[in-house]
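Written below as structure tokens is the structure these notes are about.
The values are calculated or read from the model by the stated rules, or taken from the named source; none is laboratory data. Only a predicted model underlies this, so the values are computations on that prediction, with no experimental measurement involved. Positions of Cβ are backbone-derived with ideal geometry, glycine not excepted, and every protein chain shown enters the neighbour counts.
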Amino acid sequence: MSRPKLPQPADLHVHTTFCDGKSTAEEIVLCAIGKGFSVLGFSGHAPMPFETDWCMTEDGAALYRAEIARLREKYRDKIRIYCGVEQDYFSESPTDAYDFVIGSVHYVKKNGCYLPVDETREVFSEAVEKHYGGDYYAFAEDYYTLERDVVDRTGADIIGHFDLITKFNEGDALFDTRHPRYAAAWQSAAAALLPIGIPFELNTGAMSRGYRAAPYPAGDILAYLAEHGGCAVLSSDSHRADTLGFGFDMAARAAARAGLPLLRHVRDIVWEQGKDDAEA
């Protein structure tokens, strides 16, 4: 029995037990083969210049690269495997050993402190209260100032979860995403990034974990990207094997509604056409 055709037969944003994932790299490879993916890209969290419990260490990154190389050879006749990295804005770790780079912002630095954007709602809200006097729009302005420089800073091939700041803001629970200050902040960042010509990811990770009902970025951002010549790739930001490719049908439909083209390549990683957006 043939498997249904995927909207995009590639997933390049995948985490394993080498960082904060729950599945081993080999478990994810086997799942990807079972789901019909032809391209799988791992993207471990790069080491940070301060201690974290969700990123690789430098020694761990070397072990990660070795394991992905082993799996690439072992499964070479069944799937094409690539070793990438998710490089945070503040990471100083070299990226030249990787096949591709996802550039992301997970922290805002204020008053000498690194404030997590996506750890928990409580941590996020407390940071805004303590360091911004409860002004979420000021926090957003600082966040998108970092986003506008994320490609220059990380050497990214893909712009990761552009509006991650909304992870805990489903239904505008914490701030109004239609507010002029918020809109001006993200539009300024998007306008700076669009001429570079690399894809924004349609990231379904917060959907699979129950935080959002739609992918990053939000629909109004997708429409802006489409209107200004942007492009995208689908990614699951999967931290477990069973969420690989999660919500790709919905993400493909969101791209189609916005008129945002989905690429079939990143750097020299190329995959075949997925099913038509109209079918997705």
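Selection within segment 199-216: residues that are of a type in the set (A, V, I, L, M, F, W, C) and crowded, with 19+ Cβ neighbours inside 10 Å. The member of this set that is nearest to Tyr143 (Cα to Cα) is Phe200. Would a scan of segment 262-280 turn up a residue that is of a type in the set (A, V, I, L, M), more than 17 Å from Asp157 (Cβ to Cβ) and either under 17 Å from the mean Cα position of the chain (by Cα) or assigned to a helix (DSSP H, G or I) (or both)? Checked segment 262-280: no residue is of a type in the set (A, V, I, L, M), more than 17 Å from Asp157 (Cβ to Cβ) and either under 17 Å from the mean Cα position of the chain (by Cα) or assigned to a helix (DSSP H, G or I) (or both). The criterion of at least 3 residues that are closer than 19 Å to Asp11 by Cβ and of a type in the set (A, V, I, L, M) is met by none of the helices (runs of 4 or more DSSP H) falling completely within segment 133-244.
Evaluating Leu164 against the criteria (1) touching a strand residue (DSSP E or B) at 6+ places or on another chain (Cβ under 6 Å); (2) of a type in the set (A, V, I, L, M, F, W, C); (3) closer than 24 Å to Phe18 by Cα leaves one unmet condition, (1). A search for C-beta distances below 8 Å between a residue of segment 130-155 that is touching a residue at least 60 places away in the same chain (Cβ under 8 Å) and any residue that is among the aromatic types (Phe, Trp, Tyr), counting only pairs 6+ apart in sequence or on different chains, returns Asp149/Tyr89; Val150/Tyr89; Arg153/Tyr89; Thr154/Tyr89.
Per-residue answers, yes or no, for (1) within 16 Å of Ala213 (Cα to Cα); (2) modelled with pLDDT under 95; (3) crowded, with 16+ Cβ neighbours inside 10 Å:
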{"site": "His239", "(1), (2), (3)": "no, no, yes"}
{"site": "Leu244", "(1), (2), (3)": "no, no, yes"}
{"site": "Phe248", "(1), (2), (3)": "yes, no, yes"}
{"site": "Ala256", "(1), (2), (3)": "no, no, yes"}
{"site": "Leu262", "(1), (2), (3)": "no, no, yes"}
{"site": "Glu279", "(1), (2), (3)": "no, yes, no"}
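For Gly103, the criteria (1) among the small types (Gly, Ala, Ser); (2) surrounded by fewer than 20 Cβ atoms within 10 Å (Cβ to Cβ); (3) within 20 Å of the chain's Cα centre (by Cα) hold in every case but one, which is (2). Close contacts from segment 96-113, counting a first residue that is in contact (Cβ under 8 Å) with a residue 60 or more places away in the chain and a second that is charged (D, E, K, R) and assigned to a strand (DSSP E or B), with Cβ to Cβ under 8 Å and a gap of 6+ residues or different chains, come to Ile102/Glu86; Ile102/Glu201; Ser104/Glu86; Ser104/Asp88. On the stretch given as segment 31-73, residues that are without any contact (Cβ under 8 Å) to a residue 24 or more places away in the chain, basic (Lys, Arg) and closer than 28 Å to Gly274 by Cβ total 1. Among the residues of segment 162-199, the one identified as under 18 Å from Ser235 (Cβ atoms), in contact with a Ser or Thr (Cβ under 8 Å, 6 or more places away or on another chain) and hydrophobic (A, V, I, L, M, F, W, C) is Leu164.
For every residue, the table says whether it meets (1) within 26 Å of His45 (Cα to Cα); (2) out of contact with any helix residue (DSSP H, G or I) (no Cβ under 6 Å at 6 or more places or on another chain); (3) acidic (Asp, Glu).
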site	(1), (2), (3)
Asn169	yes, yes, no
Asp176	no, yes, yes
Tyr182	no, no, no
Ala206	yes, yes, no
Gly210	yes, yes, no
Pro215	yes, no, no
Ala218	yes, yes, no
Leu222	yes, no, no
Asp237	yes, no, yes
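I'd like to check something: does segment 157-176 contain any residue that is of a type outside the set (Gly, Ala, Ser), crowded, with 19+ Cβ neighbours inside 10 Å, more than 30 Å from Arg267 (Cα to Cα) and under 20 Å from the mean Cα position of the chain (by Cα)? Scanning segment 157-176 turns up at least one residue that is of a type outside the set (Gly, Ala, Ser), crowded, with 19+ Cβ neighbours inside 10 Å, more than 30 Å from Arg267 (Cα to Cα) and under 20 Å from the mean Cα position of the chain (by Cα). If you scan segment 1-49, which residues turn out to be at pLDDT below 95 and either surrounded by fewer than 21 Cβ atoms within 10 Å (Cβ to Cβ) or of a type in the set (Phe, Trp, Tyr) (or both)? Those that are at pLDDT below 95 and either surrounded by fewer than 21 Cβ atoms within 10 Å (Cβ to Cβ) or of a type in the set (Phe, Trp, Tyr) (or both): Met1, Ser2, Arg3, Pro4, Lys5.
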